[in-house]
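The values are calculated or read from the model by the stated rules, or taken from the named source; none is laboratory data. Because the structure is a prediction, the values reported are computed rather than measured. Here the Cβ positions follow ideal geometry from the backbone for every residue, glycine too, while neighbour counts run over all protein chains shown. Heads up: the accessible areas ignore ligands, DNA and RNA and are worked out on the full protein's heavy atoms, side chains in. Shrake-Rupley method; radii C 1.70, N 1.55, O 1.52, S 1.80 Å.
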Amino acid sequence: MTAPDNPSLASKRREILPYVLACVTMAVTVLTLHLMGRIWWCACGQRFLWTGDIWSEHCSQHLVDPYLFSHISHGFWFYGLIMWLPLRYTRPSLGWALCIATIIECAWEVLENSPIIINRYRAVTISIGYTGDSVINSGMDIVACACGVFIARALGFAKTLALFVAFELGTLLWVRDNLTLNVLMLIWPIDAIRQWQSAIAG
Ligand SMILES: [Zn+2]
(Lines give C-alpha, C1' and ligand atoms only; values in the text may rest on other atoms or scores of the structure.)
Protein backbone atom coordinates (compact mmCIF):
# COMPACT_ATOMS: atom_id res chain seq x y z
CA MET A 1 0.00 0.00 0.00
CA THR A 2 1.38 3.40 -0.93
CA ALA A 3 1.51 6.18 1.62
CA PRO A 4 -1.47 8.29 0.37
CA ASP A 5 -3.74 5.23 0.60
CA ASN A 6 -2.90 4.73 4.26
CA PRO A 7 -6.21 5.65 5.96
CA SER A 8 -4.69 7.05 9.15
CA LEU A 9 -2.24 9.19 7.19
CA ALA A 10 -5.04 10.36 4.89
CA SER A 11 -7.23 11.34 7.83
CA LYS A 12 -4.29 13.15 9.49
CA ARG A 13 -3.78 15.09 6.28
CA ARG A 14 -7.47 15.97 6.19
CA GLU A 15 -7.21 17.13 9.78
CA ILE A 16 -4.24 19.43 9.24
CA LEU A 17 -5.46 20.77 5.87
CA PRO A 18 -7.54 23.66 7.36
CA TYR A 19 -4.61 24.71 9.58
CA VAL A 20 -2.28 24.70 6.58
CA LEU A 21 -4.81 26.73 4.57
CA ALA A 22 -5.16 29.22 7.45
CA CYS A 23 -1.37 29.67 7.58
CA VAL A 24 -1.13 30.05 3.79
CA THR A 25 -3.97 32.63 3.83
CA MET A 26 -2.13 34.54 6.55
CA ALA A 27 1.16 34.48 4.63
CA VAL A 28 -0.53 35.60 1.39
CA THR A 29 -2.30 38.40 3.28
CA VAL A 30 0.93 39.64 4.85
CA LEU A 31 2.55 39.67 1.40
CA THR A 32 -0.51 41.41 -0.11
CA LEU A 33 -0.43 44.13 2.56
CA HIS A 34 3.27 44.66 1.88
CA LEU A 35 2.62 44.87 -1.87
CA MET A 36 -0.19 47.35 -1.17
CA GLY A 37 2.49 49.62 0.23
CA ARG A 38 1.96 49.08 3.98
CA ILE A 39 5.13 49.55 5.97
CA TRP A 40 6.43 46.51 7.90
CA TRP A 41 6.69 48.27 11.25
CA CYS A 42 6.13 51.82 12.54
CA ALA A 43 7.57 54.72 10.56
CA CYS A 44 9.14 56.02 13.80
CA GLY A 45 11.87 53.45 13.28
CA GLN A 46 11.53 51.92 16.73
CA ARG A 47 10.29 48.40 17.34
CA PHE A 48 7.86 48.47 20.25
CA LEU A 49 6.03 45.30 21.18
CA TRP A 50 3.31 47.37 22.81
CA THR A 51 1.82 50.83 22.38
CA GLY A 52 -1.04 51.85 24.67
CA ASP A 53 -1.81 55.35 23.37
CA ILE A 54 -4.41 55.09 20.61
CA TRP A 55 -4.01 58.81 19.94
CA SER A 56 -0.37 58.65 18.99
CA GLU A 57 1.03 58.07 15.54
CA HIS A 58 2.34 54.72 16.85
CA CYS A 59 -1.13 53.20 17.20
CA SER A 60 -1.76 50.27 14.84
CA GLN A 61 1.88 50.57 13.80
CA HIS A 62 3.60 48.36 16.38
CA LEU A 63 3.02 44.74 17.37
CA VAL A 64 0.20 45.06 19.87
CA ASP A 65 -2.11 47.91 21.01
CA PRO A 66 -5.50 48.20 22.78
CA TYR A 67 -7.27 47.10 19.59
CA LEU A 68 -5.84 43.63 20.22
CA PHE A 69 -8.92 42.94 22.35
CA SER A 70 -11.38 43.83 19.60
CA HIS A 71 -9.53 41.48 17.26
CA ILE A 72 -9.73 38.63 19.79
CA SER A 73 -13.44 39.43 19.90
CA HIS A 74 -13.60 39.07 16.10
CA GLY A 75 -12.54 35.45 16.72
CA PHE A 76 -15.33 35.01 19.30
CA TRP A 77 -17.94 36.30 16.86
CA PHE A 78 -16.66 34.41 13.85
CA TYR A 79 -16.51 31.17 15.83
CA GLY A 80 -20.01 31.72 17.20
CA LEU A 81 -21.46 32.54 13.79
CA ILE A 82 -19.66 29.70 12.03
CA MET A 83 -20.77 27.17 14.64
CA TRP A 84 -24.32 28.33 15.18
CA LEU A 85 -25.70 30.10 12.15
CA PRO A 86 -25.82 28.82 8.59
CA LEU A 87 -23.54 25.84 9.12
CA ARG A 88 -25.25 24.62 12.24
CA TYR A 89 -26.38 21.39 10.67
CA THR A 90 -22.99 20.58 9.24
CA ARG A 91 -20.93 21.71 12.20
CA PRO A 92 -17.38 22.31 11.03
CA SER A 93 -14.40 21.05 13.00
CA LEU A 94 -12.25 23.45 15.03
CA GLY A 95 -9.75 23.45 12.16
CA TRP A 96 -12.31 24.51 9.56
CA ALA A 97 -13.83 27.09 11.91
CA LEU A 98 -10.35 28.53 12.41
CA CYS A 99 -9.68 28.46 8.67
CA ILE A 100 -12.96 30.22 7.78
CA ALA A 101 -12.46 32.83 10.55
CA THR A 102 -8.89 33.46 9.37
CA ILE A 103 -10.01 33.96 5.76
CA ILE A 104 -12.71 36.47 6.85
CA GLU A 105 -10.24 38.31 9.11
CA CYS A 106 -7.58 38.41 6.39
CA ALA A 107 -10.12 39.79 3.91
CA TRP A 108 -11.06 42.46 6.46
CA GLU A 109 -7.43 43.42 7.10
CA VAL A 110 -6.87 43.91 3.36
CA LEU A 111 -10.11 45.91 3.08
CA GLU A 112 -9.27 47.92 6.23
CA ASN A 113 -5.99 48.94 4.64
CA SER A 114 -7.50 49.86 1.30
CA PRO A 115 -8.14 53.54 0.48
CA ILE A 116 -11.94 53.17 0.74
CA ILE A 117 -11.90 52.18 4.42
CA ILE A 118 -8.87 54.30 5.37
CA ASN A 119 -10.65 57.38 4.02
CA ARG A 120 -13.87 56.39 5.75
CA TYR A 121 -12.06 56.06 9.10
CA ARG A 122 -10.40 59.42 8.59
CA ALA A 123 -13.63 61.10 7.61
CA VAL A 124 -16.07 59.86 10.23
CA THR A 125 -14.28 58.29 13.20
CA ILE A 126 -11.74 59.41 15.81
CA SER A 127 -9.00 57.88 13.64
CA ILE A 128 -8.40 61.18 11.84
CA GLY A 129 -4.72 60.55 11.26
CA TYR A 130 -5.25 56.91 10.29
CA THR A 131 -3.17 55.91 7.31
CA GLY A 132 -3.53 52.14 7.58
CA ASP A 133 -1.96 49.53 9.83
CA SER A 134 1.62 48.39 9.61
CA VAL A 135 2.08 44.85 8.29
CA ILE A 136 3.29 43.58 11.69
CA ASN A 137 0.19 45.06 13.37
CA SER A 138 -2.20 43.55 10.82
CA GLY A 139 -0.44 40.20 11.15
CA MET A 140 -0.84 40.31 14.91
CA ASP A 141 -4.53 41.26 14.52
CA ILE A 142 -5.08 38.11 12.45
CA VAL A 143 -3.24 36.01 15.04
CA ALA A 144 -5.41 37.62 17.78
CA CYS A 145 -8.55 36.67 15.84
CA ALA A 146 -7.29 33.08 15.56
CA CYS A 147 -6.62 33.07 19.32
CA GLY A 148 -10.20 34.26 19.80
CA VAL A 149 -11.44 31.18 17.94
CA PHE A 150 -9.42 28.87 20.22
CA ILE A 151 -10.54 30.77 23.35
CA ALA A 152 -14.21 30.60 22.30
CA ARG A 153 -13.88 26.88 21.66
CA ALA A 154 -12.24 26.30 25.05
CA LEU A 155 -14.56 28.51 27.12
CA GLY A 156 -17.94 27.77 25.56
CA PHE A 157 -20.73 30.24 24.96
CA ALA A 158 -21.42 31.78 28.41
CA LYS A 159 -17.79 32.37 29.45
CA THR A 160 -16.88 33.68 25.99
CA LEU A 161 -19.80 36.11 26.10
CA ALA A 162 -18.71 37.25 29.57
CA LEU A 163 -15.15 37.76 28.34
CA PHE A 164 -16.40 39.69 25.31
CA VAL A 165 -18.43 42.02 27.56
CA ALA A 166 -15.38 42.43 29.83
CA PHE A 167 -13.20 43.35 26.81
CA GLU A 168 -15.81 45.82 25.58
CA LEU A 169 -16.28 47.51 28.96
CA GLY A 170 -12.58 47.39 29.77
CA THR A 171 -11.47 49.08 26.55
CA LEU A 172 -14.42 51.51 26.74
CA LEU A 173 -13.18 52.75 30.13
CA TRP A 174 -9.54 52.54 29.11
CA VAL A 175 -9.43 54.16 25.63
CA ARG A 176 -13.12 55.02 25.06
CA ASP A 177 -13.26 52.69 22.09
CA ASN A 178 -14.23 49.07 21.52
CA LEU A 179 -15.51 46.74 18.85
CA THR A 180 -19.13 47.87 19.17
CA LEU A 181 -18.22 51.57 18.87
CA ASN A 182 -15.74 50.84 16.11
CA VAL A 183 -18.39 49.14 13.99
CA LEU A 184 -21.07 51.69 14.90
CA MET A 185 -18.87 54.70 14.13
CA LEU A 186 -17.70 53.23 10.84
CA ILE A 187 -21.24 52.50 9.63
CA TRP A 188 -23.29 55.14 11.38
CA PRO A 189 -21.11 57.86 12.94
CA ILE A 190 -22.59 59.74 15.89
CA ASP A 191 -21.03 63.10 16.57
CA ALA A 192 -21.65 63.10 20.34
CA ILE A 193 -19.79 59.79 20.69
CA ARG A 194 -16.90 61.06 18.59
CA GLN A 195 -16.61 64.16 20.76
CA TRP A 196 -16.69 62.08 23.94
CA GLN A 197 -14.00 59.79 22.54
CA SER A 198 -11.85 62.73 21.44
CA ALA A 199 -12.05 64.34 24.87
CA ILE A 200 -9.28 62.09 26.24
CA ALA A 201 -6.84 62.78 23.42
CA GLY A 202 -3.60 63.87 25.00
ZN1 LIG B 1 6.10 54.09 16.39
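Give the carbon-plus-sulfur fraction of the accessible surface of the range 75-202 in %, rounded to a whole number; probe 1.4 Å, heavy atoms of protein chains only.
Answer for the range 75-202 is 74 percent, counting heavy atoms of protein chains only.
Using only the alpha-carbon atoms, how far is helix 7-35 inclined from the longest principal axis of the chain? Give it as 0 to 90 degrees, nearest 10.
30 degrees
Please compute the length gained on full extension between residue 39 and residue 116, using 0.36 nm multiplied by the number of residues separating them and subtracting their Cα-Cα distance.
25.9 nm
Contour minus end-to-end for residue 190 and residue 28, with contour as 0.36 nm per residue of separation and end-to-end as the Cα-Cα distance?
So the chain would gain 54.7 nm between residue 190 and residue 28.
Dipole of the range 98-183, Cα-centred, from +1 at each Lys and Arg C-beta and -1 at each Asp and Glu C-beta, to the nearest 20 debye?
I would put it at about 180 debye.
Over the chain, one equal point on each Cα, no solvent: what is log10 I(q)/I(0) by the Debye formula at q = 0.12, 0.16 Å⁻¹?
Calculated log10 I(q)/I(0) at the listed q: -0.65, -1.09.
Per residue, how many Å² of accessible area does the range 1-123 show with a 1.4 Å probe?
58 Å²
Nearest 10 degrees, 0 to 90: what angle lies between the long axis of helix 94-112 and the longest principal axis of the chain (Cα atoms)?
Once rounded, the angle reads 30 degrees.
How much mean residue ellipticity at 222 nm does the chain get from its helices, if each DSSP H run of length 4 or more adds -39500 (n - 2.57) and you divide by all residues, to the nearest 500 deg cm²/dmol?
Result for the chain, helices only: -22500 deg cm²/dmol.
Please list, ordered by chain and number, the residues whose modelled amide H lies under 5 Å from the amide H of residue 64; skip anything fewer than 5 residues away on the same chain.
50, 51
Please work out the ratio of the alpha-carbon Rg of the range 97-202 to 2.2 N^0.38 Å and round it to two decimals.
1.16
Efficiency by 1/(1 + (r/R0)^6): what FRET value for residue 55 and residue 93, r their Cβ-Cβ distance, R0 = 41 Å, to the nearest 0.05?
That pair, residue 55 with residue 93, gives E of 0.50.
Placing +1 on the Cβ of each Lys and Arg and -1 on the Cβ of each Asp and Glu in the chain, which of 150, 198, 93 has its Cα farthest towards the positive end of the resulting dipole?
93
Output the peptides 62-69, 19-26 sorted from most to least packed, where packing is the average of other Cβ atoms within 10 Å over each peptide's residues.
62-69, 19-26
Could you calculate the FRET efficiency of residue 173 with residue 48 from 1/(1 + (r/R0)^6), where r is the beta carbon distance between them and R0 is 22 Å, rounded to 0.05?
FRET efficiency, residue 173 to residue 48: 0.45.
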